[in-house]
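One structure is given below, encoded as structure tokens.
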Amino acid sequence: MTALLGVGTLLCPSLGGNPVTPPAPLAPVPTIDPPLISYPPVTPWISWSARSINELLHLKTATGSPRLPTPNEWFPIDLYQATITRQQFEQKLHTLYDPFGAFPAYLDINDSRVIVYPSPTERRVPQFVLQFAPPNQPRAPMRWFRTPAEIRAETHPLDKPLSGLRVAIDPGHIGGPWAQMEERSTRYKGSAPVQEGDLNLITGRLLKQELTNLGASVFVVRDSTEPVTPYRPIDMLPEARDMLVAHSSHATNLKALPPDKLNLLFGARLMDLAEFLFYRCSEIKERGNRIRNNFVPDITVTLYIDATPGSGRGHLTSGNANIFFVGGSYTKAEMTDPEMQRRCVYKMVEGGSDIETEVAGDIAAVFTQKTGLGPVKYGDSSTTRSVIPGNSYVVARNLAANREYDGPVVCTEPYFMNNSVVYQRLLAGDYDGQRTFSGKKYGSIFREYADCVAQGLVKAYAGSTVIAGATTPVAPAPGQTK
């Protein structure tokens with residue numbers, strides 16, 4: 001399954017991994033004229049009145065005529081022409097999004113534009129051309145989300161510190177009857193199983209209520225243990241077959257075989273990959289679409305619970321820690337996929353990375369104050385990059401939700417699910433008051449989780465330093481100032 005996950009991680013964003021076109025003779029770099037269409041700026045008032053992100057991304061042209069549809073998936077990025085300088089683009093690329101240096105082989109950059117080509121050698125037809133703003137003269141991008149500073153500058157009722165803030169909540173994974181397939185169902189020492197998708201759903205419901213009470217407008221991506229995507233693993237079988245054939249050393253011979261023969265040849269690997277494409281790729285993409293089509297968030301928070309590698313083997317641990325992810329740190333293998341490249345460029349010009357870091361840092365500070373737990377020490381690893389000097393709680397990583405959802409996204413992943421005390425608290429479910437586990441009294445872990453996220457958002461968007469259940473103000477996380 002490890003090998004399949006590697007293939008799926010590389011190719012699932014496009015749900016179609018065709019081999020790279022064979023090298024062709026280099027052609028002269030085309031001369032690219034500035035875009036012929038200019039789009040009206042999106043003001044806070046326009047974004048506030050919009051019903052969905054998609055409504056904002058399909059603005060009319062300056063002449064009032066509707067934008068024409070196009071099969072080019074890069075076209076929405078045209079809205080961001082001349083909104084970023086070359087210096088800004090390269091700084092974001094090299095330090096946050098592509099720290100391993102794989103993307104430049106696909107690019108042709110000069111002071112006026114960057115051309116994205118299909119491969120390091122295929123340079124006849126660009127995938128996309130992004131015009132840079134003149135040095136020190138970036139044009140404000142089409143930003144439909146507001147910064148924490150902009151929200152803090154508004155006037156809010158004392159009992160509604162998050163009034164006006166728009167929050168999308170995504171309770172991670174699916175749970176229910178799909179938990180075994182997702183490999184997110186664990187049982188320790190003969191006790192009842194815990195299924196992460198179910199646990200995240202409980203936290204999501206509590207968080208929605210708490211944020212609503214604080215004045216925020218809230219959209220929850222799912223409220224049941226049923227998939228959001230209309231597809232199922234059987235729908236992914238043709239794609240899975242194509243991927244296994246494409247990555248076989250005998251691809252030429254295998255392409256001549258009929259589907260039923262390939263099914264027998266690949267056996268369980270085929271269904272494993274089809275299931276992976278279903279729950280890891282199709283499901284996440286459809287959640288991103290659900291937000292785009294129904295809401296305009298200032299921030300999206302995805303809810304997960306961490307675990308050590310031994311969790312899947314039923315191993316309990318005494319260790320416990322918190323970690324929070326923002327978008328970035330695309331690996332070399334991921335950067336060979338055109339869809340990864342497109343989302344990378346979109347995320348760079350969209351302009352939400354600084355917001356993600358600020359909000360994640362504030363949520364992390366509240367969790368640290370409330371739980372007393374240290375960080376999972378990823379740091380600068382083979383898949384992550386530090387984003388706040390001196391703060392190990394927040395790292396950039398190319399997780400599916402951080403990449404596929406538009407706007408600023410923070411992935412919260414506190415606690416080790418297979419910690420001996422955490423596991424007992426999870427099994428206990430949500431409850432009032434306190435209960436004793438291993439000789440110590442604890443409140444509901446689900447309310448603790450929801451409280452920390454909610455008060456982290458209060459800290460970020462209202463400037464408050466008071467957290468639920470705490471008697472002292474929240475100190476800034478290491479390396480962070482307010």
Matching residues in segment 278-300 - criterion: being open to solvent by 10 Å² or more (accessible area, probe 1.4 Å) and within 22 Å of Arg146 (Cβ to Cβ): Arg290, Arg292, Asn293, Asn294, Phe295
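For segment 226-277, which helices (runs of 4 or more DSSP H) that fit wholly inside it have 1 or more residues that are open to solvent by 20 Å² or more (accessible area, probe 1.4 Å), among the basic types (Lys, Arg) and within 30 Å of Asp170 (Cα to Cα)?
268-276
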Looking only at segment 310-336, which residues are at pLDDT 95 or above, over 13 Å from the mean Cα position of the chain (by Cα) and either under 19 Å from Pro389 (Cβ atoms) or charged (D, E, K, R) (or both)? Asn322, Ile323, Lys332, Glu334
Going through (1) at pLDDT 95 or above; (2) within 30 Å of Tyr423 (Cα to Cα); (3) out of contact with any His (no Cβ under 7 Å at 6 or more places or on another chain) one by one, Glu183 fails only at (1)
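When you scan segment 205-225, how many residues do you find that are in contact with a Lys or Arg (Cβ under 8 Å, 6 or more places away or on another chain) and surrounded by 14 or more Cβ atoms within 10 Å (Cβ to Cβ)?
Step one: filter segment 205-225 for residues in contact with a Lys or Arg (Cβ under 8 Å, 6 or more places away or on another chain), giving 206, 214-223.
Among the residues that remain, those that are also surrounded by 14 or more Cβ atoms within 10 Å (Cβ to Cβ) are: 206, 214-222.
Adding up the residues that qualify gives 10.
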Among the residues that make up segment 318-334, is at least one of them open to solvent by 30 Å² or more (accessible area, probe 1.4 Å) and not in a loop (DSSP other than H, G, I, E, B)? no
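Conditions (1) at pLDDT 95 or above; (2) among the charged types (D, E, K, R); (3) closer than 18 Å to Glu448 by Cβ, marked per residue:
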residue	(1), (2), (3)
Arg385	yes, yes, no
Asn391	yes, no, no
Val409	yes, no, no
Glu413	yes, yes, yes
Val422	yes, no, yes
Going by the conditions given, is Ser185 surrounded by 17 or more Cβ atoms within 10 Å (Cβ to Cβ), polar (S, T, N, Q) and within 28 Å of Val349 (Cα to Cα)? no
When you look at Gln131, is it touching a strand residue (DSSP E or B) at 6+ places or on another chain (Cβ under 8 Å) and more than 30 Å from Ile305 (Cβ to Cβ), yes or no? yes
Go through segment 138-159 and give me each residue that's open to solvent by less than 80 Å² (accessible area, probe 1.4 Å), within 25 Å of Gln88 (Cα to Cα) and among the charged types (D, E, K, R). Arg143, Arg146, Glu150
Conditions: (1) part of a loop (DSSP other than H, G, I, E, B); (2) free of Cβ contacts under 8 Å to residues at least 24 places away in the same chain; (3) within 14 Å of the chain's Cα centre (by Cα). Gly379 meets all but one. Number of the miss? (3)
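Residues are listed down the side, and each one gets a yes or a no for (1) within 30 Å of Val194 (Cβ to Cβ); (2) in a loop (DSSP other than H, G, I, E, B); (3) not hydrophobic (A, V, I, L, M, F, W, C):
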site: Arg123; (1), (2), (3): no, yes, yes
site: Val129; (1), (2), (3): no, no, no
site: Pro138; (1), (2), (3): no, yes, yes
site: Arg146; (1), (2), (3): no, yes, yes
site: Ile151; (1), (2), (3): no, no, no
site: His156; (1), (2), (3): no, yes, yes
site: Asp159; (1), (2), (3): no, yes, yes
site: Ile169; (1), (2), (3): yes, no, no
site: Pro177; (1), (2), (3): yes, no, yes
Please enumerate the residues belonging to segment 291-305 that are more than 16 Å from the chain's Cα centre (by Cα) and either part of a helix (DSSP H, G or I) or of a type in the set (D, E, K, R) (or both). Asn293, Asn294
Where the second residue is acidic (Asp, Glu) and open to solvent by 10 Å² or more (accessible area, probe 1.4 Å) and the first is more than 25 Å from Ala149 (Cα to Cα) and lies in segment 332-359, which pairs have Cβ atoms under 8 Å and are six or more apart or on separate chains? Glu339/Glu73; Met340/Glu334; Arg342/Glu73; Arg343/Glu404
Assuming Leu303 fulfils every condition listed in (1) over 26 Å from Ile388 (Cβ atoms); (2) surrounded by 14 or more Cβ atoms within 10 Å (Cβ to Cβ) apart from one, which condition is it? (1)
Per the filter on segment 391-441, residues of a type in the set (Gly, Ala, Ser) and either under 14 Å from the mean Cα position of the chain (by Cα) or in a strand (DSSP E or B) (or both) are Ser392, Ala396, Ala400, Ala401, Gly407
For the list (1) in a helix (DSSP H, G or I); (2) open to solvent by 10 Å² or more (accessible area, probe 1.4 Å), I need the number of the one condition that His315 fails. (1)
Report, by residue number, each residue of segment 296-309 that is of a type in the set (A, V, I, L, M, F, W, C) and modelled with pLDDT of 95 or more. Ile299, Val301, Leu303, Ile305
Name, by its number, the condition in (1) modelled with pLDDT of 95 or more; (2) closer than 18 Å to Leu427 by Cα; (3) not charged (D, E, K, R) that does not hold for Ile169. (2)
Somewhere in segment 75-83, is a residue under 24 Å from the mean Cα position of the chain (by Cα), surrounded by fewer than 16 Cβ atoms within 10 Å (Cβ to Cβ), at pLDDT below 95 and not charged (D, E, K, R)? yes
Scope segment 100-141; condition within 30 Å of the chain's Cα centre (by Cα), closer than 27 Å to Thr331 by Cβ and of a type in the set (Lys, Arg); matching residues: Arg113
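The values are calculated or read from the model by the stated rules, or taken from the named source; none is laboratory data. None of these values were measured; they are calculated from a predicted model. Every residue, glycine among them, receives a Cβ derived from its backbone with ideal geometry; neighbour counts consider all protein chains shown. Just the protein is used for accessible areas: all its heavy atoms, side chains included, with ligands, DNA and RNA removed. Shrake-Rupley method; radii C 1.70, N 1.55, O 1.52, S 1.80 Å.
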